[in-house]
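S.K.: Here it is: the structure, laid out below.
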Amino acid sequence: MRLPGCGNLRYSRTVRWIDLRTGYRCNQQCRACDQGNRRETHGDAPFDVLEQALAAHAPSAAGVWLAGGEVSLRPDLPRLVERARTLGYRRIGVQTNGRVFAASGAAQTLRRAGLTDADVGLQGTAAVHDWSVQEKGAFVQAWAGARRLSEAGVRTRLSTVLTRAAVGEIPAITALAARAGLGQRWILARASPPLLPRLDLLRAPLVAAIERAWSERREVETIGVPLCILGAARAAAGDRLDLHRPTRVFPPGFEEEPSRSGYGAPCQGCSLRSACPGLSETYAAAWGWDEIGPVPVPSRVFLPVIAACDLGCAQCDARDAWPAWPTEPVRALRQRLLRAVGGGAREIVFAGASPWSHPSLPWVVRDAARLGCIVEVWGPIEPLEPTDPTLERLAGLRVVRFPLLDRDPSRRELVLARLRAALPACRFEAYEPGGTPPTLHGAEGPARIWGTCRRAAPAP
């Protein structure tokens, strides 16, 4: 089961996701846990308090992550999931160590209640995972739980805290995820210095894992990793400051101390400074800033265009989410264009799942051409109207790349003929849908790119 690639993005005041803290009770003693002794002092939040929090955000939220502690220890979890569903949440996920779900029927029970997503912690292969959580046999249960959740129809990803011990396990964890068709999430530890991995040693295996996930069309994201460390794989960063991340919700009395990140001297002048999550104060205090370096703006920049898509293609595994997707305000898109050009970009590629669905794209393309840029647009052309008079404003467009979707080819040909007539100097390139072109992952825009109508991969 594959996850839609940008499930935590939004470009409006509407909250797309909330991250609801349900309490701190847990059945593990993870060495890299950053919640201190809250399991002893806080326990679990009452059901009615959580219900009130769910109800308060239901009018604006599309989904909710239920997090702990270990949320699966709550006997009322099925009831909580069902309540979230009745309140109108379309996506309901749990963050879990997976061990409870190893039991037969546990995953199916929550799936029937309305569970759609799961984030299962896996800190390495058997020996390293068991050492990391300080309990023998925990890996077998966690891995079985992840498989049972996936088999029950829950969108499942593996979540790994990147400690010094986990760095050497990155290829093995990736192989496990690939074999089961699971997404992945990599979180840089905020732990004591003996557990912190050096970024220089982390860089190569992490980037390789991200690129493999992209090639296999599996969801992958990082949390807490500076963008300069990721290189061209920085499009996988799920905590960019220009992303709209899930809103964290704490019941009264369960608030956490805010985690802090910082920026050192090497961050000054970096083109990614406004988007980078920075480096945790824990890491900077332990190892300094020598591994951090500024990233210049490249001459060729990919700008993602976020817009709703109502094509409803059968092969799209996000077709249920796209019609309700908020369209990015044109002012935000223009601001990103101006930042890119001001930083030295001379080639601009507008891309995304359905960039032509954005009603203001022709005007922004015209702006880019007037600024002296070579302009391309990648994405399905079906949303365009053959009689649309605004197509005349695209005179500066030089390349249009479009997928050969399997729906309504006659309409595509009409639109293509209209574009050819309106843009005699433009080059048109067709391609088979099937995933994000690798170069898109070097995007300087505010989002991960899952590209131009990716085709759902076959089950492993």
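The values are calculated or read from the model by the stated rules, or taken from the named source; none is laboratory data. Computed from a predicted structure; not experimentally measured. Cβ placement follows ideal geometry from the backbone for every residue including glycine, while neighbour counts extend to all protein chains displayed. Side chains included, ligands, DNA and RNA excluded: accessible areas come from the protein's heavy atoms. Shrake-Rupley method; radii C 1.70, N 1.55, O 1.52, S 1.80 Å.
S.K.: Estimate the FRET efficiency between residue 332 and residue 308 by the formula 1/(1 + (r/R0)^6), using the beta-carbon distance for r and 22 Å for R0, to the nearest 0.05. Intermediate values should be presented prior to the final figure.
M.R.: Values: r = 15 Å, r/R0 = 0.70.
Calculated value: 0.90.
S.K.: Can I ask one more? From the list (1) 24, 55, 20, 1; (2) 24, 60, 16, 0; (3) 23, 49, 23, 5, 0, can you say which value of P(r) over Cα pairs in 20 Å bins from 0, in percent was derived from the structure given?
M.R.: Matching the structure shown: (1).
S.K.: Which whole-percent values make up P(r) of region 143-282 when all C-alpha to C-alpha distances are grouped in 5 Å steps starting at zero?
M.R.: Whole-percent P(r) values from 0 Å outward: 2, 9, 18, 20, 20, 16, 11, 4, 1, 0.
S.K.: Hey, another quick one. Expressed as an acute angle from 0 to 90° and rounded to the nearest 10, what is the orientation of the C-alpha long axis of helix 330-342 relative to the principal long axis of the chain?
M.R.: So the helix axis and the longest Cα principal axis differ by about 80 degrees.
S.K.: Continuing with this model, one more query. Going by average Cβ neighbours within 10 Å, how do the peptides 416-428, 396-408 rank, with the highest at the top? Display every interim value, and only then the final one.
M.R.: On the way: 416-428: 13.7, 396-408: 17.8.
The packing order, highest mean first, is 396-408, 416-428.
S.K.: Output the 0 to 90 degree angle, nearest 10, between the alpha-carbon long axis of helix 47-57 and the longest principal axis computed from the alpha carbons of the chain.
M.R.: 10 degrees
S.K.: Using only Cα atoms, find the angle between the long axis of helix 138-151 and the longest principal axis of the chain, and express it within 0 to 90 degrees, rounded to the nearest 10.
M.R.: Roughly 40 degrees between the two axes.
S.K.: Mind checking the per residue accessible area of the chain for me, 1.4 Å probe, whole number of Å²?
M.R.: The answer is 40 Å² per residue.
S.K.: Could I ask something else about it? Considering only the other residues whose Cβ falls under 11 Å of the Cβ of residue 384, what net charge follows from Lys and Arg at +1 and Asp and Glu at -1?
M.R.: Net charge in that neighbourhood comes out at 0.
S.K.: Within 11 Å, Cβ to Cβ, of residue 78, how many net charges do the neighbouring residues add up to if Lys/Arg are +1 and Asp/Glu are -1?
M.R.: Surrounding charge for residue 78 is +4.
S.K.: Could you compute the net charge surrounding residue 48? Neighbours are other residues with a C-beta less than 14 Å from the C-beta of residue 48; K and R count +1, D and E count -1.
M.R.: 0
S.K.: Dipole magnitude of the chain about its Cα centre, charges +1 at Lys/Arg Cβ and -1 at Asp/Glu Cβ only, in debye to the nearest 20?
M.R.: Result for the chain is approximately 460 debye, rounded to the nearest 20.
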